[in-house]
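All remarks here apply to the structure that follows.
Coordinate-derived values only; no laboratory data. Note that this is a predicted model, so its numbers are computed, not measured. We place every Cβ from the backbone using ideal geometry, glycine too, and count neighbours over all the protein chains shown.
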Amino acid sequence: MTKKTENKNVRIIGLYLFVMLIAAGIVSKIVTVQQFSESINTSSQPRYFTVEAPRGNIIADDGALLAISMPLYDVRLDMSVMKKLLFKENVAELAVLLSNLFEDKTAEEYELFLNQSKRAKKNKYILLQNKVTHNELNALKKMPILKLGQYKGGLIAEQRPNREKPFGLLAQRTVGVLRNVNPVGIERAFNQTLSGVDGKHLKRKIEKGIWVPQDAEGNRLPRAGNNVITTINTDMQDVAEKALENTLLNHDADWGCVVLMEVETGEVKVIANLKKQEDGSVRELFNFAMAKHVSPGSTFKLASVIAGLEDGYFKVEDSVRTYGGQFSFYDRVMKDSKLGLYDNITIKRAFIKSSNVGISRIIFDNYKSNPTAFTDRIYKMGLSTPLELELPFPNNLKSPIPNKGSWSGVTLPWMSIGYEMQLTPIHMLTFYNAVANKGKMVKPMFTSAISRNGKIIKEHTAQVINPSICSKATIDAVMPLLVGVVEEGTAKNIKTSNYLIAGKTGTTVINFNNRSEGEGKEYQASFAGFFPADNPKYSCIVVVNNPKENGHYGGSVAAPIFKELADKVYASDMSIHKALQQSDALASLPKVKQGSVEEVNKVLSEFKINTTSTDEQWMVSKTSKNEVLLEVRKIERDLQNGNMPDLRGMGIQDAIYLLESYGLIVKIIGSGAVQSQSIAKGVRFTKGSIIKLELA
């Protein structure tokens, strides 16, 4: 083989290898695009985008919407599809309608904007408006040009997720918010339930960063999530929040919370959490009721008394010496809020008057040799164990363990009156609710059901934590103590004759351990209880932290909030009203307005009231001790003869009916029964005459 031939073969082999290398590169690129790339990076290649599903609604117990997904739209116009003649003939009218709808530009400004966009050589896909509501979008779809749709009128609306709360800040922290950092409330706890199934929509890229939706068989509408029905009552919640806000402002307090539960079910009807801001406003930014672990103070005295009763160490009628309200436990002095009022009193009296010395002494004297027996009893009552609630919250519960950690000789007496430990307000309420529920402790619940398309698909029922925190005899023994606090004790300012309230005040020194000598005390006022005490339907706790003005005691700061909310609930819930007995309803026979015999007889018969009737149509009544006497009133005969009768005492409806039947024009002043008339009795009248009736 010649040298020339060898060179030729080398060139052929080199060319062959070069071609093979290019082919391999092309094949490799095809495989990469087909198997590993999500999209082909060209300006014309369509791809599917995710359409986020609307979240389910969060609903109050009466059907009111606490949180709802109300879609908003980003509206764009594709100017390239609009016919020039059509655009020219309708742009002025379209500009006027857009100006009237959005009120952000004049009609002239809109017309200039549309004309410039139409003439533009590039980017004829323009943004018209962000965050357009569904009603506004419907209005756009009826406007000239735009009513022709996407491919002739150029109207393109892209949905964007939007969560609204129709009641604003009401129960804000409980309803919650879903966000990347620190999601809270029902939105977080029921995220999977509320989340729907996302859809997808094909879009075509026309310019950098601009994708236009396209019709395609693969497009799939999103499916909305399920609805969560809560136990929250909007009316009760509103009353609680307003009362709490007024108290924080009036007492210059740092924060406060209110929780109201149904005794039997544990359904939370109210959970309000408010904090005073530096600018003087009040907002809900933290769930104090569930996440703030604090010393419960004197509200814990109920647990101490129950423990001693259950273990048989004393009875509420037993006496305890308070030494004038001051007593030393080792090197620490315990004091009552008021000194020198009493020395030797019953345990019942010590509880009603909230004597720190009295309660701590009966616990210390009986449990000092075996403090574990006391803490074990507290554990059995559920006050040392976390509550596993629907809504997530931090568990920083603190309950001392005898002879471990910081336990000392003074821990037991101070623990007995609510110090040396940390509980959440809702934990304390759960305990009081159990006492109201005859010993059965139920878990607080915030949701009652899950629904979809108006149908219940899952119901939530009461969960029993402890079937009996103590014996029935102990419950019966402490009930008079709790009632006594309101009837004659530290909360007698909220006593009402309408219904019976049972509860306990608390006034806690919150800077007790870190307070320097001479430094001012900071307090926490609280009240926990239930109503009606003779047949409990609702339990409630109120906590107000660091009130600095106009008092600081639980009875004067927290208890009035309880009373205001309880009054609202009592007025609206007829099930807790006692049935009226016949003798109560009709202690005295009613006075009856003059008027129709038939109507009066109908009403009186419903109440089973004896009456002497008449066959005439109109009557005047006289009420005796045992019956209502109906005497004939010949009003209509006078009217037939053209003479004005005496109308005084007659109900206005009957008077108008009679007078207008005979052609008179009636003018009314005031309300009630007829007191005087402009045409006197016996005066002749003619049809069309005006008569003025003054009512009272």
For this session: About the Cα centre of the range 236-575, how large is the charge dipole given +1 on each Lys and Arg Cβ and -1 on each Asp and Glu Cβ? Please answer in debye to the nearest 20.
Result: 480 debye
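What size of dipole, in debye to the nearest 20, comes out for the chain about its Cα centre when the only charges are +1 on Lys and Arg C-beta atoms and -1 on Asp and Glu C-beta atoms?
3060 debye
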Problem set entry | Cα centroid separation, the range 87-146 to the range 203-272 (Å) | 34 Å
For this session: Report, in whole Å, the centroid distance computed from the Cα atoms of the range 63-78 and the range 662-692.
Result: 58 Å
Problem set entry | the chain: relative contact order in percent, alpha carbon pairs under 8 Å with at least 6 residues between | 10 percent
Problem set entry | Projected area averaged over orientations for the range 236-575, convex hull of C-alpha atoms, nm² | 18.0 nm²
Seminar exercise, completed: Out of Tyr432, Thr375, Met445 - ranked by how far each Cα lies towards the positive end of the dipole of the chain, with unit charges on the beta-carbon of charged residues - the top one is Met445
For this session: Please give the calculated 222 nm ellipticity per residue for the chain, where each DSSP H segment of at least 4 residues contributes -39500 (n - 2.57) and the sum is spread over every residue; nearest 500 deg cm²/dmol?
Result: -9500 deg cm²/dmol
Exercise. Once the principal axes of the Cα atoms of the range 305-425 are found, what is the range along each, listed largest first in whole angstroms?
Worked result: 46, 29, 27
Problem set entry | Whole-number percent relative contact order across the range 127-230, with pairs defined as alpha carbons under 8 Å at least 6 apart | 16 percent
For this session: Among Ala291, Ser556, Gly358, pick out the residue whose Cα is farthest towards the positive end of the charge dipole of the chain, where Lys and Arg carry +1 and Asp and Glu carry -1 on C-beta, about the Cα centre.
Result: Ala291
Exercise. Points 7 angstrom from Cα along the Cβ direction at Asn550 and Asp646: gap in nanometres?
Worked result: 5.5 nm
For this session: Starting from the coordinates of the alpha-carbon atoms of the range 72-160, obtain the Kirkwood hydrodynamic radius over all distinct pairs and give the value in Å to one decimal.
Result: 12.8 Å
Exercise. Counting pairs of alpha carbon atoms under 8 Å apart in space and at least six apart in sequence, what relative contact order in percent does the range 236-575 give?
Worked result: 23 percent
For this session: Set the Förster radius R0 to 45 Å, insert the Cβ-Cβ distance between Asp198 and Asn370 as r into 1/(1 + (r/R0)^6), and round the FRET efficiency to 0.05.
Result: 0.15
Problem set entry | In order through the range 405-415: 3J(HN,Hα) via Karplus (6.51 cos²θ - 1.76 cosθ + 1.60), integer Hz, x for Gly, Pro | x, 8, 4, 9, x, 9, 5, 4, x, 6, 5
Seminar exercise, completed: Looks like the chain, by Cα gyration tensor root eigenvalues a ≥ b ≥ c and the a/c under 1.5 rounded cutoff (else prolate when a/b is bigger than b/c, oblate otherwise), is oblate
Problem set entry | Selection from Gly484, Asn466, Val509, by position along the positive dipole direction of the range 457-539 (Cβ) | Asn466
For this session: Kindly state, to the nearest 0.05, the FRET efficiency for Ile669 paired with Leu285, given R0 = 41 Å and r defined as their beta-carbon distance.
Result: 0.15
For this session: Could you give the size of the charge dipole of the range 72-160 about its Cα centre, using +1 on the Cβ of each K and R and -1 on the Cβ of each D and E, expressed in debye and rounded to the nearest 20?
Result: 540 debye
For this session: Indicate, rounded to the nearest 5 percent, the antiparallel portion of the DSSP beta bridges found entirely in the chain.
Result: 90 percent
